[in-house]
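Scroll down for the structure; my scribbles are underneath it.
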Amino acid sequence: MSAVHTLPTIVPEADVTDALRRDLTDAGFTVERVDALWGTEAAASLHRGSRVAALRALRARPTTPLTTLATLFVLGLPVSRVDADAAFPTAGASAVASAGLVRTEAGTVHPAVDLRPYAFVDDLGAGSWWIVSDLGELALGTALGEEHVLGIGGATTTLSGLQVPVPVRRVLDLGTGCGIQAMHARRFAAEVVATDISHRALDIARFNAMLNGIDGIEFRSGSLFEPVAGERFDRIVSNPPFVITPRSEGVPAYEYRDGGMVGDALVETVLTGLGDHLEPGGTAQLLGNWEYHWGTDGLDRVRSWFERADTDGRGLDAWVVERERQDPAAYAETWIRDGGTKPGSSEFDRLVGAWLDDFAARRVTGVGFGYVVVRRPGPGGAVHLRRFERVPETLGSNPAGLGATVARVLDAAAWLAAHDDQALAAAHLAVAGDVTEERYYWPGNDDPTVMTLVQGGGLGRRVDADTALAAFVGACDGELSVAAIIGALAQITGVDEQALAADLLPAARDLVLDGLLVPAG
């Protein structure tokens, strides 16, 4: 096996983080300015795992604190002590080394961690932070250590985008890692509790909060819900260590992604435990994956977890969106590469074999990945939303605004639950502002062959509509009631009004839940 990098001890102290924050600010260490150092093509190459183009671009520039910081922390390459001292005029390179971020050797300063700028936009506007995490495979040139603390990735932005942008009192970040979700949650919460089984992750998360001047986050050590036993929260967010890993000797178990349970049991444990830790009306947004077994659909398995919770009186509204499904071999290869083991090596082949043996022994045919949104009903309330669906990755591929979509779906589900068919018929609906209609014609025909309602935001849903549904949606401007529109369409088309209502009312419910139609007034 490849040599494993020794992870540094991170020391979160306010004097160092305050001084370092000033140095990073003065150097202009931002996403925009770092990207400008090497350009879009080199940035894309860096994202693919090659730093050659970025390094060539830096060598053509004069040395400045910004180029030094980019070389050291983004490219993961050493710099001279003289350049490091110039980049840390306030904190000092020695203090940065004592904090565990760099190490010095004979006039050279080497990166001990990844530290890079991060920019985002949410309902409060644009923001930017600096995020410390462990060095990745590109900088190390070796496989990752099992205590590796992950930084910003696709899952990070997905989950932060899913967080409901509504102010609340208390939020729990379950499995905080580098602390990024807790920091996002703090923007909409009076206080945040962030937990992790990894003491190292908690040190890094504390450092990140202090580096960015964020207070109001309490960090606690422990597994899953143990650190918050008996406590309830208005919101829970989690990117839990859900990766399905063989529990066999010789297979690395990375703390940031492996929960130590067999199969998808960790996801099941988290989902079935949410009800005990949510306040009435509280919500949770999580990422997860679930197994497909011979003869059993993956989403049906997730559904059964919630149904079992119902029998205990802990029922939750649930919306599960599967975005991707991988076969056993593809799943194994994805996560083995993620750990830094190179395809084509004997170690890679050995690990793939271990994964496939485990899947075969447990009759696993595939693994689904996606989002889970839940809400605990209010006092005396009933479960109103149970939705388990597959939404292709091509739809709603930008996660930045999905938190608002989550909030809208939950509100729509509550509104629909309060409106039976008679109340829905009396309601006034309007077409959402981001909805357009596509029409396709056979050459020479005046009537469209296909009509599709297209949602511009949210999950970007596309709904095929027949003539009646297209006409109904087109008439929904908030002025007429649903019943009045159906009556007018029945009269125009000569169709039985009750039969038309039987077709259109369920369709209207689906469109309200999806956000293509919204209650007016």
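The values are calculated or read from the model by the stated rules, or taken from the named source; none is laboratory data. Remember, predicted model here, so these are calculated numbers, not experimental data. Cβ sites come from the backbone with ideal geometry, for glycine too, and all protein chains shown count toward neighbours. Accessible surface areas use protein heavy atoms only, side chains included; no ligands, DNA or RNA. Shrake-Rupley method; radii C 1.70, N 1.55, O 1.52, S 1.80 Å.
Give me the percent relative contact order of the chain, please, defined on Cα pairs under 8 angstrom at least 6 residues apart.
Computed over the chain, the figure is 11 percent.
Segment Leu138..Thr334, full-extension length gain: 68.9 nm, with 0.36 nm per residue of separation and the alpha-carbon distance subtracted.
For segment 162-256, applying the loop criterion from DSSP together with a ceiling of 15 other beta carbons within 10 Å to the GluC sites (Glu not before Pro) yields Glu231, Glu249.
Compute the relative contact order of segment 108-237 as a whole-number percentage, counting only Cα pairs closer than 8 Å that sit 6 or more residues apart in sequence.
22
Note on Val450 and Glu218: the model spin-label points, each 7 Å out from Cα along the C-beta direction, lie 5.5 nm apart.
What is the percent carbon and sulfur in the accessible area of segment 232-391, measuring with a 1.4 Å probe over the protein chains and ignoring ligands?
Carbon and sulfur together cover 49 percent of it.
Solvent-accessible area of segment 1-67 (1.4 angstrom probe, protein heavy atoms only): carbon and sulfur portion equals 51 percent. With all protein chains in place and a 1.4 Å probe, the accessible surface of segment 413-509 carries 53 percent carbon and sulfur. Taking every C-alpha pair closer than 8 Å and separated by at least 6 residues, the mean separation divided by the residue count of segment 113-170 gives a relative contact order of 28 percent.
Against the criterion of solvent-accessible heavy-atom surface with a 1.4 angstrom probe, Trp38, Trp415 sort, most first, into Trp415, Trp38. Calculated mean residue ellipticity at 222 nm for the chain: -11500 deg cm²/dmol, from DSSP H runs with n ≥ 4 weighted as -39500 (n - 2.57), summed, divided by the residue count and rounded to 500. Across the protein chains, with a 1.4 Å probe defining accessible surface, the residues Ile197, Ile336 rank Ile197, Ile336 from largest area downward.
When N counts the residues of the chain, how does its alpha-carbon radius of gyration compare numerically with 2.2 N^0.38 Å, as a ratio? The partial results should precede the final answer.
Values: Rg = 26.0 Å, N = 521, 2.2 N^0.38 = 23.7 Å.
For the chain, the normalised Cα radius of gyration is 1.10.
Excluding ligands, DNA and RNA, the accessible surface per residue across the chain is 44 Å² with a 1.4 Å probe. Put simply, the amide H of Ala465, placed in the peptide plane, has neighbours under 5 Å in Met451, Thr452, Leu453, leaving out anything fewer than 5 places away on its chain. When Rg and the Kirkwood Rh are both derived from Cα coordinates, the Rg/Rh ratio for segment 110-159 amounts to 1.05.
Length gained on full extension, Asp464 to Ala423, computed as 0.36 nm times the residue gap minus the Cα-Cα distance: 12.2 nm. Normalised size of segment 82-165, defined as Cα radius of gyration per 2.2 N^0.38 Å with N residues, equals 1.34.
Of all beta bridges that DSSP places with both ends in the chain, some 70 percent have antiparallel geometry. Here the average projected area of the convex hull drawn through the C-alpha atoms of segment 46-196 stands at 10.6 nm². Proximity of backbone amide H atoms, modeled 1.01 Å from N, is registered between Gly339 and no other residue at under 5 Å, excluding neighbours fewer than 5 places apart on the same chain.
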